[in-house]
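Taking it in order: structure first as structure tokens, then the write-up.
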Amino acid sequence: MTVQIGQKQNTGSIDIQRTGLSLAVLMYFMAIIAVNQVAGAVTSAFYYLAIFTGAVLFFGLKRSMGIRPTVLLAIGAGALCGLNTVFVGNMTIVLTMIMVASFFVAALMLDEGVDERAFLIALYLNAGVALIRLVLFGNKVSVYVGSTNNYVSIHLLAPGLLYYSLLDARGKKIPIFPAFVIWTLSLLAGGRGGLLASTILLMGVILRRYLADGTARRDRILLGLLLAVIMIPVLVILAWSIFMSGSDLYVINRFLDKGMDGGGRIDCWIEYIQAMFSSAKNFLLGVNTDTLWWGRHYNGNLHNSFLFVHAYMGIFGFGTFLFLIGRACLRAIRNGKGVYLCCILTLCFRGLTDHMFGGNRMTAIVIAMVLLPDFVGLGKKTGGQVGKILRRVYAKEANTSEKTDTPQEKTVISREQSKQESESAYGTHPATNAMTRLRDRTFTDNI
């Protein structure tokens, strides 16, 4: 039966709201899967419906510390993309609208009402599609329409990184299996950058479990063996590609043929950087990729997400994005969120060699990654006492055995309730919502 502590609340309506937001997030990922499997008017319309539905739902979210920077960044990105549309030509009006909507979808993903398991479902749906295609058609047939199997790791990492980041920020248990799924399919897909990036993520997750307090000696031994099992194939592939030849394995052949050579990527990056500094307009607003030889050779793909950010939003957008990444890393370190930090580093590494973000369908996920500290209590204002209590709320929701408020928590709750009364004209404060949940939470006793 259900027992309530504190004042009554309509838990049924809250559950419906949370389910609705989670379904909206899941619909966004399903639209990406659909448009990548069947390119056409119907799937494109589904994608546009998903992203603009998410943008509309944003305006119904509760007042949060992350809302204001999201709106300001969306306005700034829209202005920069508009200038690019007029003076450079990489962006269009539709792409500019999608870019702005991506910020609102990112905020929706980070809302406290969204269950992080929605991202796990999206990961497994992508994994199922990739596995079926790889089994039925082999590795030499692309899993996605109009792209190579390098993007298998990208479509798995996008929801996976956000899933792990939210778990870490909310103080919940970190599972290993989803990262292992990403790593296995990245290995089977044969993408070099994807394999190495997914290895970084998997190692970070395993080490977090290995170093976690309370981990038994037997579990540490098993985790160490698992880490060795993961690393041995990667090291063998790299060593084989350097010292041996004649393998029939596709993954090893990929490394044999090219090793870690970019296959033109580095030349493409050099050409773009040279063009970027060739004029003030290119530096400030971005370089038209159609004017580059390698840009035309790769059909506009610069194979570097950071360069894409500059190509679409110029130096101001590029600088802002680097600042947000650096800020996210510092706040992850300051708050002891090692898995979140590992996810940011994995994101950056994968983005260096392919178009993972910057004007494409994955941009909303990346925006959510860098804005996450503003939504879950890892910022400056909540990095102290209130932030610690906020993170304990998420931990207690995951572990219902903790049912008693400490005196310290009661003091913070009282303070935040007073703040709520003074801010009633503007809506509820997110930290207050968390404190109220802590006081009025429900727990279930199985009889």
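Quick notes on this structure:
- Selection over the stretch 77-114 of residues that are over 28 Å from Y163 (Cβ atoms) and either in a loop (DSSP other than H, G, I, E, B) or not hydroxyl-bearing (S, T, Y) (or both) gives a count of 16.
- Close pairs from the stretch 68-89: first at positive phi, partner open to solvent by 30 Å² or more (accessible area, probe 1.4 Å), Cβ under 6 Å, at least 6 apart: G89/N288
- Across the stretch 60-89, the qualifying residues are those that are buried (at least 21 other Cβ atoms within 10 Å of the Cβ) and touching a Gly at 6+ places or on another chain (Cβ under 7 Å), and the one among them that is nearest to F357 (Cα to Cα) is A77.
- Any hit, the stretch 344-360, residues being assigned to a helix (DSSP H, G or I), out of contact with any Phe, Trp or Tyr (no Cβ under 9 Å at 6 or more places or on another chain), at pLDDT below 80 and open to solvent by less than 70 Å² (accessible area, probe 1.4 Å): no
A quick yes/no check of all residues on (1) of a type in the set (K, R); (2) in contact with an Asp or Glu (Cβ under 6 Å, 6 or more places away or on another chain); (3) at pLDDT below 90; (4) over 21 Å from F357 (Cβ atoms):
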| position | (1), (2), (3), (4) |
| --- | --- |
| N253 | no, no, yes, yes |
| L256 | no, no, yes, yes |
| I266 | no, no, yes, no |
| Q274 | no, no, no, yes |
| F277 | no, no, no, yes |
| N299 | no, no, yes, no |
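- For F119, the test of being in a helix (DSSP H, G or I), open to solvent by 10 Å² or more (accessible area, probe 1.4 Å) and in contact (Cβ under 8 Å) with a residue 60 or more places away in the chain is failed.
- Residue match in the stretch 150-168 (condition: under 24 Å from G40 (Cβ atoms), open to solvent by 10 Å² or more (accessible area, probe 1.4 Å) and touching a Ser or Thr at 6+ places or on another chain (Cβ under 9 Å)): yes
- Test: T184 is under 18 Å from N126 (Cα atoms) and over 15 Å from the mean Cα position of the chain (by Cα): yes
- Index of the failed condition, Y48 passing every other in (1) open to solvent by less than 40 Å² (accessible area, probe 1.4 Å); (2) under 21 Å from the mean Cα position of the chain (by Cα); (3) within 21 Å of G146 (Cα to Cα): (1)
- Options L125, L136, L131; residue that is out of contact with any strand residue (DSSP E or B) (no Cβ under 9 Å at 6 or more places or on another chain), in a helix (DSSP H, G or I) and within 19 Å of M362 (Cα to Cα): L125
- The numbered conditions (1) among the hydroxyl-bearing types (S, T, Y); (2) touching a helix residue (DSSP H, G or I) at 6+ places or on another chain (Cβ under 7 Å); (3) assigned to a loop (DSSP other than H, G, I, E, B) are all true for Y163 except (3).
The values are calculated or read from the model by the stated rules, or taken from the named source; none is laboratory data. Because the structure is a prediction, the values reported are computed rather than measured. We place every Cβ from the backbone using ideal geometry, glycine too, and count neighbours over all the protein chains shown. Please note that ligands, DNA and RNA were not included when accessible areas were found on the heavy atoms of the full protein model with its side chains. Shrake-Rupley method; radii C 1.70, N 1.55, O 1.52, S 1.80 Å.
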